[in-house]
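What follows is one structure encoded as structure tokens, with my remarks underneath.
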Amino acid sequence: MFNVKRVIAVAVAAGTLFALAACGSANAAGSSDAQAGGAGATKPIEVVASINQWGSVAKELGGDLVDVTSIMSNTNVEAHDYEPTSQDVAKFHGADVAVVNGADYDSWASKAAGSTRAALVDVAESAGVGEGGNPHVWFSAKAREAAADAITKAYVAARPADQAKFEELNKAWKDREAALESKIRDASAKLAGKPYAATESVAWYLADDLGMTDATPSGYAQASANESEPSPADLKQYTDALAGGSIGLLVFNTQEADATTDQITGAAKAANVPIVEVTEQMPAEYASLTDWMSALVDRFAEAAR
């Protein structure tokens with residue numbers, strides 16, 4: 001009897017040890033899955049964008065698989081002159097993917113992202129625009145598509161298992177962009193060849209996509225490109241052109257308003273030249289870059305009537 005009891009006791013003890021070992025293995029496996037981003041435990045890809053328009057594109061392309069933070073979203077602050085805080089820089093250090101505009105527009109962001117582990121998407125570089133080129137590339141259909149493909153590529157590299165989902169989101173984004181480009185083509189039938197001038201070349205790419213002709217007086221345009229004050233002669237040439245009817249539309253960057261632009265917009269109003277106001281950062285009322293561009297195309301078309 002004693003021996004039988006002993007055998008049963010040994011068997012029970014062995015079974016208990018086996019169960020504990022199995023439980024420990026399961027816990028270890030679960031812990032490994034969580035660390036590796038297993039099902040139900042996968043953290044979103046952390047994305048930091050220097051400006052909100054590219055942040056909106058990054059979010060559309062990643063859906064619920066990404067968590068996007070945009071550093072700049074204030075239309076009262078000009079990105080060229082932006083001074084990042086230590087908190088801004090720290091955000092890049094926690095990112096898996098960083099999206100910057102490039103072309104020396106947001107050099108502070110390129111520098112911050114360059115010293116981190118984040119995969120860097122430089123939109124201007126993706127679109128073939130280097131330093132010295134017009135940096136306002138979000139107004140360009142070509143640059144928007146190049147940016148979308150570069151961001152999707154970065155997402156797939158970061159999370160290969162979700163490649164199909166990222167490709168699906170990229171296609172959905174391109175479908176929306178195709179609708180915008182169709183609207184641009186329709187508007188260009190009315191706007192092609194129409195002379196316009198600008199207080200700054202911020203919307204040059206969009207006007208070019210619309211087929212418009214840049215008639216900004218060269219002296220003023222050169223001074224603006226060099227971020228210097230135009231001469232009195234340059235300013236007189238500009239106001240005379242507005243008064244003389246050789247400029248059909250004025251594009252005014254409200255983020256760069258000063259006494260000089262006040263004089264130019266005043267001359268446009270006196271001559272009944274339509275004014276299209278633009279900003280560099282995407283206004284809060286728009287949910288996406290595509291929506292913002294679509295609204296601007298409407299404004300250009302309406303101003304041409």
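The values are calculated or read from the model by the stated rules, or taken from the named source; none is laboratory data. Just so it is clear, the model here is predicted, and its values are computed rather than measured. Neighbour counts are summed over all protein chains in view; Cβ atoms, including those assigned to glycine, are modelled from backbone coordinates with ideal geometry.
With respect to THR254, determine if the residue is over 19 Å from ALA207 (Cα atoms), in contact with a helix residue (DSSP H, G or I) (Cβ under 9 Å, 6 or more places away or on another chain) and of a type in the set (Ser, Thr, Tyr). Judged against the criteria, THR254 is not a match.
Of all residues in region 130-154, those satisfying the criterion of being in contact (Cβ under 8 Å) with a residue 40 or more places away in the chain and touching a strand residue (DSSP E or B) at 6+ places or on another chain (Cβ under 6 Å) are ILE151, ALA154.
Does at least one position in region 91-112 carry a residue that is surrounded by fewer than 16 Cβ atoms within 10 Å (Cβ to Cβ), touching a helix residue (DSSP H, G or I) at 6+ places or on another chain (Cβ under 8 Å), under 18 Å from ALA203 (Cβ atoms) and not hydroxyl-bearing (Ser, Thr, Tyr)? Taking every residue of region 91-112 in turn, none turns out to be surrounded by fewer than 16 Cβ atoms within 10 Å (Cβ to Cβ), touching a helix residue (DSSP H, G or I) at 6+ places or on another chain (Cβ under 8 Å), under 18 Å from ALA203 (Cβ atoms) and not hydroxyl-bearing (Ser, Thr, Tyr).
Given the structure, is LYS142 under 17 Å from the mean Cα position of the chain (by Cα) and either at positive phi or surrounded by fewer than 19 Cβ atoms within 10 Å (Cβ to Cβ) (or both)? Lay out the reasoning, then the answer.
On the way: under 17 Å from the mean Cα position of the chain (by Cα): yes; either at positive phi or surrounded by fewer than 19 Cβ atoms within 10 Å (Cβ to Cβ) (or both): yes.
Spelling it out, LYS142 is indeed under 17 Å from the mean Cα position of the chain (by Cα) and either at positive phi or surrounded by fewer than 19 Cβ atoms within 10 Å (Cβ to Cβ) (or both).
Applying the condition of being modelled with pLDDT of 95 or more and of a type in the set (Asp, Glu) to region 88-129 and asking which residue is farthest from ASN226 (Cα to Cα) yields ASP96.
Checking GLY132 against (1) in contact with a Pro (Cβ under 8 Å, 6 or more places away or on another chain); (2) at pLDDT below 95, which single condition isn't satisfied? Failing condition for GLY132: (1). Of all residues in region 73-83, one or more are more than 28 Å from MET212 (Cα to Cα) and among the hydroxyl-bearing types (Ser, Thr, Tyr). Working only within region 225-284, note down all residues that are touching a Ser or Thr at 6+ places or on another chain (Cβ under 7 Å), of a type in the set (D, E, K, R) and closer than 19 Å to ALA301 by Cα. Residue satisfying the conditions is GLU277 alone.
Out of ASP214, ASP262, ASP209, ASP234, which single residue is within 30 Å of SER56 (Cα to Cα), out of contact with any Leu (no Cβ under 9 Å at 6 or more places or on another chain) and free of Cβ contacts under 8 Å to residues at least 24 places away in the same chain?
Working: ASP262 fails: within 30 Å of SER56 (Cα to Cα); ASP209 fails: free of Cβ contacts under 8 Å to residues at least 24 places away in the same chain; ASP234 fails: within 30 Å of SER56 (Cα to Cα).
Among ASP214, ASP262, ASP209, ASP234, only ASP214 is within 30 Å of SER56 (Cα to Cα), out of contact with any Leu (no Cβ under 9 Å at 6 or more places or on another chain) and free of Cβ contacts under 8 Å to residues at least 24 places away in the same chain.
Working only within region 265-299, note down all residues that are touching a helix residue (DSSP H, G or I) at 6+ places or on another chain (Cβ under 6 Å) and over 30 Å from GLY62 (Cα atoms). Of everything in region 265-299, those that are touching a helix residue (DSSP H, G or I) at 6+ places or on another chain (Cβ under 6 Å) and over 30 Å from GLY62 (Cα atoms) turn out to be ALA267, ALA268, ALA271, VAL273, PRO274, ILE275, VAL276, GLU277. Reported count of residues in region 237-251, each being under 24 Å from ASN134 (Cα atoms) and free of Cβ contacts under 8 Å to residues at least 40 places away in the same chain, is 1.
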